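The values are calculated or read from the model by the stated rules, or taken from the named source; none is laboratory data. This one's a predicted model, so the numbers in the text were calculated from it and none came from an experiment. Ideal geometry is used to build each Cβ from the backbone, glycine not excepted, and the neighbour counts take in all protein chains shown.
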Amino acid sequence: MKDDFGRNIRYLRLSVTDLCQMRCLYCMPAEGVQKLEHDSILTVEECIEVCRVCAELGVNKIRLTGGEPLVRRGIVDICRGIARIPGVEELCITTNGLLLPKYAADLKAAGVTRVNLSLDTLDPEKLRRITRTGNVTDVLAGLEAAEKYFGHTKINSVLIGGINDDITDMVALTRDRDIEVRFIELMPIGECSDWPEERFVSAEAILKRVPQLEYIGDKGVSMLYQVPGWKGRVGLIRPMSHKFCSACDRIRITADGKLKPCLHSATEIPLKGLHGEELKNTVASAIKAKPQSHLMDETHHSDSLRGMSGIGG
């Protein structure tokens, strides 16, 4: 289905929980988030129904996010139900990896096609500082499980100036492994809305630190690079220095059933409690009303009413 600006909306990011075992600086307050009431979050059946409606409207790629989606009770049942929906060609999960050794085999059997792993640094002390609770060894065990069951794996790494912008060890992961390390520019949203300017680093800094990287093309929002002769790739995702609103093909639905046509807009359309044609018509209207562009830049932080943990990455 196309929005009013001719963009074909084919990608849904569905948050199944706002809870997480980590407390990443840019995502959550140190004390964590206030847990949503059980009755306010989408049930397993509602998650599947809203995905079915979106597929009927042209969505063919669905990504489950959080918080940490693998802490959601019933996550395998959610995946199994979504994977059976006609028209769904890709079912992906973004995870911190801590529970992947436990769940990877079941997720694969349920129909998940790919896993993205969130990992901001390989340095144990820096990871602890960023996540407040994370252990590199546990995350790397999750990476191994992702590679074993899903093959090609993407790693999402958020750049934070002065903390994890020395990224040569992350790039080195692509030497002999079928991994795509994607460096993502930090956005002024939620917890980091008022962070100092030096925390926001352009992804172009990666090319200065690793000058042997060669551009090999674009895929979606990512500009792809590779060190000649290496197996994996490096992606640069630049929401701050290279706005890609004109090609945006996604919508987001929060764990409590609010549809966000744009990540950085304050607009949220309630879906919970809607079914059948009423649900379908509401989603269709939200897609049509997707804004042409967000207003976020170096001088204006996101207009979103929620931080990333409350939206779903």
Task: Residue that is farthest from P196 (Cα to Cα) [pool: residues in segment 1-41 that are touching a helix residue (DSSP H, G or I) at 6+ places or on another chain (Cβ under 7 Å), aliphatic (A, V, I, L, M) and surrounded by 19 or more Cβ atoms within 10 Å (Cβ to Cβ)] - done: I9
Task: Options G58, G97, G81, G67: the member that is at pLDDT below 95 and within 24 Å of T254 (Cα to Cα) - done: G67
Open item on the list: For I41, only one of the following conditions fails: (1) in contact with a Ser or Thr (Cβ under 9 Å, 6 or more places away or on another chain); (2) under 19 Å from V158 (Cβ atoms). What is its number?
Closed with: (2)
Open item on the list: From the list G235, G313, G307, exactly one residue is at pLDDT 95 or above, surrounded by 13 or more Cβ atoms within 10 Å (Cβ to Cβ) and within 24 Å of E185 (Cβ to Cβ). Which is it?
Closed with: G235
TODO: Search segment 238-254 for residues being surrounded by 14 or more Cβ atoms within 10 Å (Cβ to Cβ) and of a type in the set (A, V, I, L, M), and hand back the single one that is modelled with the lowest pLDDT.
DONE: M240
TODO: List every residue pair whose Cβ atoms lie under 8 Å apart, where the two residues are 6 or more positions apart in sequence or sit on different chains, the first residue falls within segment 161-178 and is farther than 10 Å from W230 by Cβ and modelled with pLDDT of 95 or more, and the second residue, located anywhere, is buried (at least 16 other Cβ atoms within 10 Å of the Cβ) and among the aromatic types (F, W, Y).
DONE: M170/F183
- [ ] May I ask you to say which residue of V59, V76, V115, V88 is in contact with a helix residue (DSSP H, G or I) (Cβ under 6 Å, 6 or more places away or on another chain) and surrounded by 24 or more Cβ atoms within 10 Å (Cβ to Cβ)?
- [x] V115
TODO: Find the residue count for segment 131-142, including only residues that are among the β-branched types (V, I, T) and not in a helix (DSSP H, G or I).
DONE: 1
Open item on the list: Of everything in segment 203-238, what is within 22 Å of the chain's Cα centre (by Cα), farther than 22 Å from D166 by Cβ and not aliphatic (A, V, I, L, M)? Give them in sequence order.
Closed with: G217, D218, K219, G220
TODO: Name every residue in segment 140-195 that is surrounded by 20 or more Cβ atoms within 10 Å (Cβ to Cβ), of a type in the set (G, A, S) and closer than 20 Å to V210 by Cβ, in order of residue number.
DONE: S157
Task: Leading residue by the ranking (farthest from A105 (Cα to Cα)) among those in segment 143-177 that are in a helix (DSSP H, G or I) and either among the basic types (K, R) or out of contact with any Leu (no Cβ under 8 Å at 6 or more places or on another chain) (or both) - done: T168
